[in-house]
Amino acid sequence: MTRISAVWLMIAALVACSPTETIVVRGPITVPAPTDSSRNVADPVVAVRIAETGRMETWDPILARTHANRRVLSLVLEGLVGLDPAGRPVPALAWDWQVAPDSLSWTFRIREESRFHPDAAMGSGSGRRATSADVYAAFARMADRNLPHTGADLFAGVILGFDLFNREQREVYLPHARNTTRIIGIETPDERTVVFRLVRKDPEFLQKLASPAAWIAAPESAGLEGRTIGTGMWRWRATEGDSSVTLVRHAAHPDGAKTPFSRVDIRFLSSETAVYRALVRNEADLVPEAGPRIRQNLQVPGTTTPGFRIVPLASTDAVSFRWNPNGAKGLREADARAWLLHAMDADLRARLTTAGYRTEPHPPADAAWTGGSSPTLNLKLGIEPDEDYVGRLIFDRMRDTAAARLVTGPVVSRDVDVYTLLQTPFLTPADAADGVELIRFEVDRIGLTGTRLTGFAGSAYPWSVDLRNLTPVP
């Protein structure tokens, strides 16, 4: 059995007087060859086997907390607009759109053949046509006080009347006391047409319509356990706890007849090591995004390796370390920055250079290290693999020279001095600005494909995966 050589390279650099520094993670690593058992001849390819880390927590795109969870949903659900692997808008639920000369009015026409997936929750069990009312319902749901602000933050101040509607839904608890009953900037003149009226030009409006918060699920999905109903190219077939999902081709989708695959099998595994082994053993065909521990054991993106291929992805992820100005101890921003700077000493930077990492030049920090007289620094890490990996490397280094402890919990409380935030386009919460960025790490993203597949182009954003160009290797 091939074993992963553990390469734990510490990531570090000095922090500039300006609050942000970019660190690009790179480094050539060798890849072990697969064992003989992984070379067994596979059955004819009818399914795409995807391996992810973590678990399938939810089927609601607004509630999903990880990219792995969202990538599954991106196969089942669509927005009015999709994105190609380079991030350019392409037709999805809407086949066509028009924009007014002032860019303040957008008209979308829904595909005539668009149908929600067959499901017992649809009454007859057969899928019904998707309509403009379904689109409006998805946008109105963004204002639900029981849901995160992710979607509302994207469109408040952009769509006419959305901000007022959102505030009344969240702040006025008695329905009869609300003055606003509709989002006046979303019109549905007929079943196939949706018109958005904007309060200002937004050059990213189409990309926002393609983001997870704007994916359209059938209203009949409300209350369903372990599945959702969308119009995407793949529909739900089975779920096994939070570790396994089976999707089958949606025949009514215009791209459904173009794929040579009939099924997608997605396994959520306990660790990056388990994901890597599944790929090497030919138990998986695709890792849409390799986590940091896998990346540390791979060659430079674009090269061919035994048993699988590395696919560079179009965008980078950024892990931001941020100072919490509302911390109970009153730790100053300058002290937090100096603390991190002290942990990232010259020896650590030299090790990075030797390992092939690149750091940008930087001036000294704007505060001196105060040594053992400082209070314990409380660090909170996010749940995404890159946040956890980079955060623990720095935490372990800090702990060698200072008092530091990890704080657990889903929110940035007053007990937290410094926290990590994965900066992802169209998903970063608006309240992230409450913290001040101290350090920023950027990592080139890569995907991995096995020997049975070709044509995987990745995606411009880590929250989606595109299988449309996949074909089996003859």
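Structure notes:
- Residue count for region 183-196, restricted to those that are farther than 30 Å from Ala120 by Cα and loosely packed, with under 15 Cβ neighbours inside 10 Å: 1.
- Region 151-176 residues that are within 20 Å of Gly79 (Cα to Cα), paired with ones that are loosely packed, with under 14 Cβ neighbours inside 10 Å (beta carbon under 7 Å, 6 or more apart): Asp153/Pro429; Asp153/Ala430; Val158/Arg200
- Residue in region 380-387 that is outside any loop (DSSP other than H, G, I, E, B), buried (at least 17 other Cβ atoms within 10 Å of the Cβ) and modelled with pLDDT of 90 or more present: yes
- The listed residue being part of a strand (DSSP E or B), modelled with pLDDT of 85 or more and under 18 Å from the mean Cα position of the chain (by Cα), out of Leu448, Leu438, Leu406, Leu467: Leu448
- The number of residues in region 183-203 being in contact (Cβ under 8 Å) with a residue 12 or more places away in the chain and farther than 18 Å from Ala133 by Cα comes to 5.
- Pick from region 325-357, criterion polar (S, T, N, Q) and at pLDDT below 85, ranking: nearest to Ile394 (Cα to Cα): Thr353
- Reported count of residues in region 273-289, each being closer than 11 Å to Thr53 by Cβ and either out of contact with any helix residue (DSSP H, G or I) (no Cβ under 8 Å at 6 or more places or on another chain) or of a type in the set (Asp, Glu) (or both), is 3.
- Given (1) part of a strand (DSSP E or B); (2) at pLDDT 85 or above; (3) not basic (Lys, Arg), number of the condition Thr316 does not satisfy: (2)
- Positions within region 152-165 being over 18 Å from Trp215 (Cα atoms) and modelled with pLDDT of 95 or more, in sequence order: Leu160, Gly161, Asp163, Leu164, Phe165
- Of everything in region 197-240 that is surrounded by fewer than 22 Cβ atoms within 10 Å (Cβ to Cβ) and among the β-branched types (Val, Ile, Thr), the residue that is farthest from His67 (Cα to Cα) is Val199.
The values are calculated or read from the model by the stated rules, or taken from the named source; none is laboratory data. Quick caveat: nothing in here was measured; it's all calculated off a predicted structure. Here Cβ is always computed from backbone atoms with ideal geometry, including for glycine, and neighbour counts include all displayed protein chains.
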